[in-house]
């Protein structure tokens, strides 16, 4: 009984120690720093910072033009004003302009949004931009995190949406006008972003063929360079085939959800030459498997028709390369070595880049109307397009192949005859 009593007394002492832990910690910290000169807390003039932003960029008569705004922040002034209004409408506590406990103004919503946007544009850390917008380094870091969350909450559903039946009709109309071929949905490929701060424990998985740790983005875009499919976070050691097997795109093709959208859109069936096809197709490079939806270049072109087809296929696929190029050029965060440790944080930052990229595509195609829903066919000129020796397409015979089947597929013979007749 004596041992049990001692044990109970010991546990009571431990509980008391836990309750007084915070008080003792502060007391020890005070004793440790007693007599040392204290660094005075920085006082930022947030009101002056907001006045500078309004004077230079967002006021009624800003100093810099719309083109200069777009050149610095990568999005139009009208688009940023739309984002600002939508963020204010959410009534987030982080984006409130209430005064602090000393009745002084806090960092403005404009400053918090522009700082996060500029960090993405130039691939720099939040701390490096904090002094420019007159805020602390911790607040700048928090501003970037909150910006990623609020952009995803507001715009992911629209600007990273899965194509609807109406979208598919408009995409088909766009590609038919540009290439003279029906049934072309998108261009599929992968792109690597270098992860500079990859932990050593994970470097074996993320190290790619060039010996650098990378994270892979799989994407499919249309001719206007709008991304209709994005999947980010694959390790750099994986090739395009391994990524495809884990991609949500192939899941939608297999489970029938994409097939249902095709039927609702009325895009299928369509004809190429004398054959009729009931599946839309992607243009891919040579590493992808021989599925009926994937149209690749010929590995050994012999005839003039084969060589012409390869030239057309390679030229058309420049759209996805251009989309990746625009993404990397606009947002240096994606193209520069990423100096973040957490993969989830990186994925949110890249998602924000993709949303902003699609916003810029929509503004370009929809003539600057920030309230309009993106329509791929808005830029189509209503002129007849004829298939000639430099355009056209070859399609795999979809009638004898189920998506995902690992079988050899030959190109339709009638397509060879089509090319020879041109």
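Values for this structure:
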| item | result |
| --- | --- |
| Candidates 63, 120, 54, filtered to the one that is touching a helix residue (DSSP H, G or I) at 6+ places or on another chain (Cβ under 7 Å), surrounded by fewer than 17 Cβ atoms within 10 Å (Cβ to Cβ), at pLDDT 95 or above and not assigned by TED's automatic domain parsing to the domain that holds residue 328 | 63 |
| Residue in region 195-202 that is in the same structural domain as residue 330 (by TED's automatic domain parsing), surrounded by 18 or more Cβ atoms within 10 Å (Cβ to Cβ) and in contact with a helix residue (DSSP H, G or I) (Cβ under 9 Å, 6 or more places away or on another chain) present | yes |
| Candidates 227, 187, filtered to the one that is buried (at least 22 other Cβ atoms within 10 Å of the Cβ) and under 21 Å from residue 289 (Cα atoms) | 187 |
| Unmet criterion (only one of (1) part of a loop (DSSP other than H, G, I, E, B); (2) surrounded by fewer than 17 Cβ atoms within 10 Å (Cβ to Cβ); (3) under 23 Å from the mean Cα position of the chain (by Cα)) for residue 301 | (3) |
| Candidate set: region 336-348, residues that are out of contact with any strand residue (DSSP E or B) (no Cβ under 7 Å at 6 or more places or on another chain) and touching a residue at least 24 places away in the same chain (Cβ under 8 Å); chosen: the one surrounded by the fewest Cβ atoms within 10 Å (Cβ to Cβ) | 341 |
| Filter pass, residue 49 being more than 27 Å from residue 361 (Cβ to Cβ), in contact with a helix residue (DSSP H, G or I) (Cβ under 6 Å, 6 or more places away or on another chain) and assigned to a loop (DSSP other than H, G, I, E, B) | no |
| So residue 174, is it at pLDDT 95 or above, surrounded by 14 or more Cβ atoms within 10 Å (Cβ to Cβ), not assigned by TED's automatic domain parsing to the domain that holds residue 376 and not in a strand (DSSP E or B) | no |
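The values are calculated or read from the model by the stated rules, or taken from the named source; none is laboratory data. Here the structure is a predicted model, which is why all the values come from computation and not from measurement. Reconstructed Cβ throughout: ideal geometry from the backbone, glycine too, with neighbour counts over all protein chains shown.
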